[in-house]
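Before any comments, here is the structure.
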Amino acid sequence: MTSKARVLVAFILNISFSLIELVCGLLFRSSALISDAVHDAGDAVSIGFAALMENLADKPANKRFTMGYQRFSLLGALATGVILVFGSISVLVFSIPKLFNPQPVNYSGMLILGLFAVATNVLATLVLKKGHSHNEKILSLHFLEDTLGWLALILVSIILHFKDWYVLDPLLSVLISGFMLTKSLPELWKCLLLFLQACPQDLDTEQLQKELLSIVQIKSLSALQIWSMDGSHHKALVRLTLKENTVTNQELTKEKIRQCLLEHGISEVTIDIEGKV
């Protein structure tokens, strides 16, 4: 399944469940379901935007976007992350007052809906987990959140079957939203850094520079710039001087540099050799 198809599956599942949650939340009088429905509705908008960005990311380069559209996927991930964080904060604001005034809920209906939701969300998480783009990773994180939330909701509904601890319903919303903030904020920060063309975190630039300088023909490096288009496709610019600037040395050095960078996951490199032959 392509990246675009995975994101489309995520969108359809998310918008469908947000409507189901809202209706069931009103019927079952569950603040956890209502707040999650609002959360998911916002996520559905961001996922739809992410699907559009994935579609644009496949377009070839043109005169206006000479480097292609790959970074549109990263833009979609950034937007999704922002809405995920905002949704979690909104749920906290909605649920905390409920802790001090809990209301009875329909725990039997919550249990049935929870079992159905867990099966669907596990399937969606497995589908998206096969993807490698930041867009798919952050969407997978969203469905992981939903799965954990539904498992907790099932547990709460079982407890409410035997005890009138209705405070567990808003407490569940607070705990899940707090947990997701700890997960989504670092992912959002990582997307933001990549969007600002920071070097990918999985690359050790100092080690890479040492490996390049170990190539016998290279005298010095004046620039080593690395950035990522979408979190998985990395590019680099290398500017250097040679000990002996000959045509043979240039071709040999370029081949060694490309091989070295490829081993570090950098598939495209621009090499600028300073000085005259």
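The values are calculated or read from the model by the stated rules, or taken from the named source; none is laboratory data. Since we're looking at a predicted model, the values are computed, not measured. Note that each Cβ is placed from the backbone with ideal geometry, even for glycine, and that neighbours are counted across all protein chains shown.
Please work out which residue is surrounded by the most Cβ atoms within 10 Å (Cβ to Cβ), limiting yourself to segment 221-250 and to residues that are over 17 Å from Glu211 (Cβ atoms), of a type in the set (A, V, I, L, M, F, W, C) and free of Cβ contacts under 8 Å to residues at least 60 places away in the same chain.
Trp227
Based on this model, can you work out whether Glu211 counts as surrounded by 12 or more Cβ atoms within 10 Å (Cβ to Cβ) and closer than 21 Å to Cys260 by Cβ?
Details: surrounded by 12 or more Cβ atoms within 10 Å (Cβ to Cβ): yes; closer than 21 Å to Cys260 by Cβ: yes.
The answer is yes for Glu211.
With respect to the numbered conditions (1) within 30 Å of Leu188 (Cβ to Cβ); (2) at pLDDT 95 or above, which one is the sole condition not fulfilled by Met229?
(2)
Against the condition over 30 Å from Asn55 (Cα atoms), buried (at least 19 other Cβ atoms within 10 Å of the Cβ) and either modelled with pLDDT under 85 or not assigned by TED's automatic domain parsing to the domain that holds Gly265 (or both), how does Ile158 come out, does it pass?
Working: over 30 Å from Asn55 (Cα atoms): yes; buried (at least 19 other Cβ atoms within 10 Å of the Cβ): no; either modelled with pLDDT under 85 or not assigned by TED's automatic domain parsing to the domain that holds Gly265 (or both): yes.
No, not satisfied.
Hey, Met180 hits all of (1) at pLDDT below 90; (2) assigned to a loop (DSSP other than H, G, I, E, B); (3) assigned by TED's automatic domain parsing to the domain that holds Met53 but one; which does it fall short on?
(2)
Which residues, counting only those in segment 153-171, are assigned to a helix (DSSP H, G or I), of a type outside the set (A, V, I, L, M) and in contact (Cβ under 8 Å) with a residue 24 or more places away in the chain? Working first, answer last.
Residues of segment 153-171 assigned to a helix (DSSP H, G or I): 153-162, 168-171.
With of a type outside the set (A, V, I, L, M) added as a condition, the list becomes 157, 161-162, 169-170.
If the condition is that a residue be assigned to a helix (DSSP H, G or I), of a type outside the set (A, V, I, L, M) and in contact (Cβ under 8 Å) with a residue 24 or more places away in the chain, then Ser157, His161, Asp169, Pro170 are the ones that fit.
Identify the residue in segment 223-277 that is outside any strand (DSSP E or B) and of a type in the set (Asp, Glu) and, among all such residues, is nearest to Asp204 (Cα to Cα).
Going through the qualifying residues, I end up with Glu263.
Conditions tested, residue by residue: (1) acidic (Asp, Glu); (2) modelled with pLDDT under 80; (3) surrounded by fewer than 22 Cβ atoms within 10 Å (Cβ to Cβ).
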{"site": "Leu22", "(1), (2), (3)": "no, no, yes"}
{"site": "Ala32", "(1), (2), (3)": "no, yes, no"}
{"site": "Val38", "(1), (2), (3)": "no, yes, yes"}
{"site": "Ser46", "(1), (2), (3)": "no, yes, no"}
{"site": "Ser73", "(1), (2), (3)": "no, yes, no"}
